[in-house]
Structures are given as structure tokens and as C-alpha cells.
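A.B. asks: One structure, as C-alpha cells, below. Some questions next.
Throughout, read-outs are computed from the coordinates displayed, never taken from laboratory work. Fair warning: this is a prediction, and the values are worked out from it, not measured in the lab. With ideal geometry, Cβ positions are generated from the backbone for all residues, glycine too; neighbour counts draw on all protein chains shown.
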Amino acid sequence: MDVYLVNDTYTVRALRENDFDKGYIDLLRDLTVVDGLDSDLFREIFLYQNSRPHQYVTIVIEENCSGIIVGNGVIFVSQQCGFKHGMIEDIVVLKRLQGKGLGKLIIDILLGHAKRLECQKVTLDCSEENIGFYQKCGLVRCGVGIGLYF
Ligand code: ACO
């Protein structure tokens, strides 16, 4: 399914190949450093992920009046020993539209995909300041994160 919800203000749908030109990078800048992401790399990643719908689902929210992408979220499903693990990544809502329920809407849709894809668990990494948001979305603290940045 490509479109999840349409109302007067927003269209909630899967990421599309032409979204790079709809302010997508500006949105991701509110989340992380995206200096290396140009239109060619975006297309390469899009085509790779789009051809693996059981592994990657990216949801965006388009603002109807501007045509700009104002929200984004990804679930990546890994499978080890028959155990499916959904990892939620790149959750972001444009600053001026935060606090209107869009972030929770993205998480709800991603969790629906996790169930559809038969994940046994869903996890994510986030900062302390965002824990309350994810708890409002029904997630709970679990485990301890350990990592190494290169
Ligand atoms: N702490 C506690 N509660 C919060 C927070 C927070 N930081 N943010 C939102 N909430 C609450 C809201 O008050 C609301 O509560 P309610 O249902 O009682 O009214 C509920 O969570 C849902 O809030 P939304 O309006 O859906 O959240 P929003 O659309 O603002 O999106 C988000 C939240 C995505 C964290 C947004 O603030 C954002 O884009 N921040 C910058 C980027 C970022 O840090 N993203 C998370 C990275 S972690 C990752 O990607 C796995």
C-alpha cells in the first residue's frame, strides 16, 4: 500500500523517487548530518530499499499546500535464525509542525508494518529527551544500548 491517509492538510504515504526535490534533505537536517546525500545517492538508496519491501519501509508525510515533505520514519527488518527484528530509524517531523501528532502517526504506521512483517520485536536508539515521546507511542525502555561510531 502506498498511501495511508489523506486529509485536507496532509498526505501520509510511502517514500517516492522524486521526494528528494520536495525538501526531504532539509527535513533530515533536523535529525542528522546529511551533507553527503545528493540526488544520485538518494536515488540509489531509494531503488535498493524499494526493491526490498519486506526489509525496508519508509513513511513520509507530505504537506498538501506546499508539496513539502514534513515528516519521515523508517523501519528496517533484519532476520537472524528465523527471528525478525524491526528497527525504527530516522523519525523526524519538521520543527514548525511538531506537537500535532504527526510523529505518533508515523510510529503507529511503522508498528503496523512491523506486525504485518511478523517482527517479534521492535527497537530503536534515541536520546534521553525523546524517551517520553516513544513512551507516548506505547514503547518501553528495554536493554542497554552499546555502540561505536566510525
Ligand atoms: N518528550 C516527551 N513527550 C513528547 C516529546 C518529547 N520529546 N515529543 C512529543 N511528546 C509527546 C507529545 O506531547 C504527545 O503527547 P500527547 O499524546 O499526550 O499529546 C505525544 O508525545 C506525541 O507527540 P507528537 O506530536 O506526535 O510528536 P511530534 O510530531 O512532535 O514528533 C519527534 C516527535 C519526532 C521526536 C519530533 O519532536 C522531532 O522530529 N524531533 C527532532 C528529530 C528527532 O529527535 N527525532 C527522533 C530521533 S530518534 C530515531 O529516529 C529512532
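A.B. asks: Within region 17-32, work out how many residues are assigned to a helix (DSSP H, G or I) and polar (S, T, N, Q). It would help to see each step written out before you state the result.
C.D. replies: The initial filter retains those residues of region 17-32 that are assigned to a helix (DSSP H, G or I), namely 17-22, 24-29.
Narrowing the set further to residues that are polar (S, T, N, Q) leaves 18.
Looking only at that region, the number is 1.
A.B. asks: Under the condition of being more than 18 Å from L5 (Cβ to Cβ) and of a type in the set (V, I, T), which residue from region 107-137 is nearest to the ligand (Cβ to nearest atom)?
C.D. replies: This residue is I131.
A.B. asks: I need a count of the residues in region 82-106 that are more than 7 Å from the ligand (Cβ to nearest atom) and out of contact with any strand residue (DSSP E or B) (no Cβ under 7 Å at 6 or more places or on another chain).
C.D. replies: Residues in region 82-106 being more than 7 Å from the ligand (Cβ to nearest atom) and out of contact with any strand residue (DSSP E or B) (no Cβ under 7 Å at 6 or more places or on another chain): 4 in total.
A.B. asks: Another question, if that's okay. When the residues of region 48-106 are filtered to those that are over 16 Å from the mean Cα position of the chain (by Cα) and among the polar types (S, T, N, Q), which remaining residue is nearest to L15 (Cα to Cα)?
C.D. replies: Per the stated criteria, the residue is S51.
A.B. asks: Among (1) within 15 Å of the ligand (Cβ to nearest atom); (2) surrounded by fewer than 10 Cβ atoms within 10 Å (Cβ to Cβ); (3) on the phi > 0 side of the Ramachandran plot, which single condition is V140 missing?
C.D. replies: Evaluating V140 over (1) within 15 Å of the ligand (Cβ to nearest atom); (2) surrounded by fewer than 10 Cβ atoms within 10 Å (Cβ to Cβ); (3) on the phi > 0 side of the Ramachandran plot leaves (3) as the failure.
A.B. asks: Hey, any hits in region 71-92 for a residue that's in contact with a His (Cβ under 8 Å, 6 or more places away or on another chain), of a type in the set (S, T, N, Q) and more than 29 Å from N7 (Cβ to Cβ)? Working first, answer last.
C.D. replies: Residues of region 71-92 in contact with a His (Cβ under 8 Å, 6 or more places away or on another chain): 75, 77-79, 86.
Next cut, of a type in the set (S, T, N, Q) only: 78-79.
Then keep just the ones that are more than 29 Å from N7 (Cβ to Cβ); that gives 78-79.
Looking through region 71-92, at least one residue is in contact with a His (Cβ under 8 Å, 6 or more places away or on another chain), of a type in the set (S, T, N, Q) and more than 29 Å from N7 (Cβ to Cβ).
A.B. asks: So, one more: In region 127-149, how many residues are in a loop (DSSP other than H, G, I, E, B) and of a type in the set (S, T, Y)? Before you say what the answer is, go through the steps one by one.
C.D. replies: Here is the first cut: in region 127-149, the ones in a loop (DSSP other than H, G, I, E, B) are 127, 137-149.
Now narrow it down to the ones that are of a type in the set (S, T, Y): 127, 149.
Residues that pass the stated criteria total 2.
A.B. asks: Out of everything in region 33-48 that is free of Cβ contacts under 8 Å to residues at least 24 places away in the same chain and either hydroxyl-bearing (S, T, Y) or part of a helix (DSSP H, G or I) (or both), what residue ends up being surrounded by the most Cβ atoms within 10 Å (Cβ to Cβ)?
C.D. replies: Within region 33-48, the first condition is being free of Cβ contacts under 8 Å to residues at least 24 places away in the same chain, and the residues that meet it are 33-42, 44-45, 48.
From the residues that got through so far, the ones that are either hydroxyl-bearing (S, T, Y) or part of a helix (DSSP H, G or I) (or both) too are 39-42, 44-45, 48.
Numbers: S39: 12, D40: 9, L41: 12, F42: 19, E44: 11, I45: 14, Y48: 11.
By that ranking, first place goes to F42.
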